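The structure under discussion appears below in the form of structure tokens.
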Amino acid sequence: MGELNELAIERSHRFVLVTGNQGKLAEARRIVGPWLEAEEIDLPEIQSLDLVEVLRAKAQEGWRRVGKTLVVEETGLDLTALGGFPGPLVKWMLEAVGAEGIARTALALGEDRVVVRCALLWFDGHREVVAEAAVPGRLVLPPRGAGGFGWDPVVVPEGLEQTYAELGAEAKDAIGHRGKAWRALVGKLSALGGGSVADLGG
């Protein structure tokens, strides 16, 4: 899937992506376009199972640090075996046991279903626009594929046999949670036009 058109976003709604994750930045630029500006800052994340609550806290901190219109991202990995845990806390689970450990935990409980989520929040200091996407799938072992990052080698999107890490970049961007969330966000920003908006969250 080709990059999104820069002209689709009104100049007044342009933004910088604030992230310290090189994998997320690389994928965002593939999806949105190489024109996407970034502030490579690893923002702190509050301990919450609510993706949007985490996003809002990151946006406030990002605004405090960069002082200009921005987008922040949060992802979540909801394991059916654990009642939706770890969700947005997956960063710490990945650091503790890795992608293989996450898959092993779920499979040991006899439940391989998972939902991967991505939420993005555009913030100009007063207004916010939120876009979310979720893609169901299943966890597999052993890890497969050399592409992607994070949990990509152990997650197979619903309806496919390849893990995210086995998919090419174009296929991953077309069907994945991040690509869907970015296209939804750009669509919402394009719809704003020049008018004011109170809150187009959700």
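Within the set P143, P136, P153, the sole residue that is within 16 Å of K172 (Cβ to Cβ) and crowded, with 20+ Cβ neighbours inside 10 Å turns out to be P153.
Of the numbered criteria (1) farther than 19 Å from V129 by Cβ; (2) surrounded by 17 or more Cβ atoms within 10 Å (Cβ to Cβ); (3) not small (G, A, S), the one R65 fails is (2).
Going by the structure shown, is G148 of a type in the set (G, A, S) and surrounded by fewer than 17 Cβ atoms within 10 Å (Cβ to Cβ)? Answer is no for this residue. The lone criterion from (1) closer than 16 Å to C118 by Cα; (2) modelled with pLDDT under 90; (3) crowded, with 17+ Cβ neighbours inside 10 Å left unmet by H13 is number (1). I want to confirm something. Restricting to the range 73-91 and keeping residues that are free of Cβ contacts under 8 Å to residues at least 60 places away in the same chain and in contact with a helix residue (DSSP H, G or I) (Cβ under 6 Å, 6 or more places away or on another chain), which single residue is surrounded by the most Cβ atoms within 10 Å (Cβ to Cβ)? Selected residue: E74. Output yes when any residue across the range 18-26 is modelled with pLDDT of 95 or more, touching a strand residue (DSSP E or B) at 6+ places or on another chain (Cβ under 7 Å) and either within 20 Å of E128 (Cα to Cα) or part of a loop (DSSP other than H, G, I, E, B) (or both), and no when none is. Looking for residues that are modelled with pLDDT of 95 or more, touching a strand residue (DSSP E or B) at 6+ places or on another chain (Cβ under 7 Å) and either within 20 Å of E128 (Cα to Cα) or part of a loop (DSSP other than H, G, I, E, B) (or both), one finds at least one in the range 18-26, hence yes. The residues in the range 92-109 that are in contact (Cβ under 8 Å) with a residue 40 or more places away in the chain and not β-branched (V, I, T) can be counted, and the count is 4.
The values are calculated or read from the model by the stated rules, or taken from the named source; none is laboratory data. Values in this document were obtained by computation on a predicted structure and should not be read as measured data. When we count neighbours, we look across all protein chains shown, and the Cβ atoms used for this are built from the backbone with ideal geometry, even at glycine.
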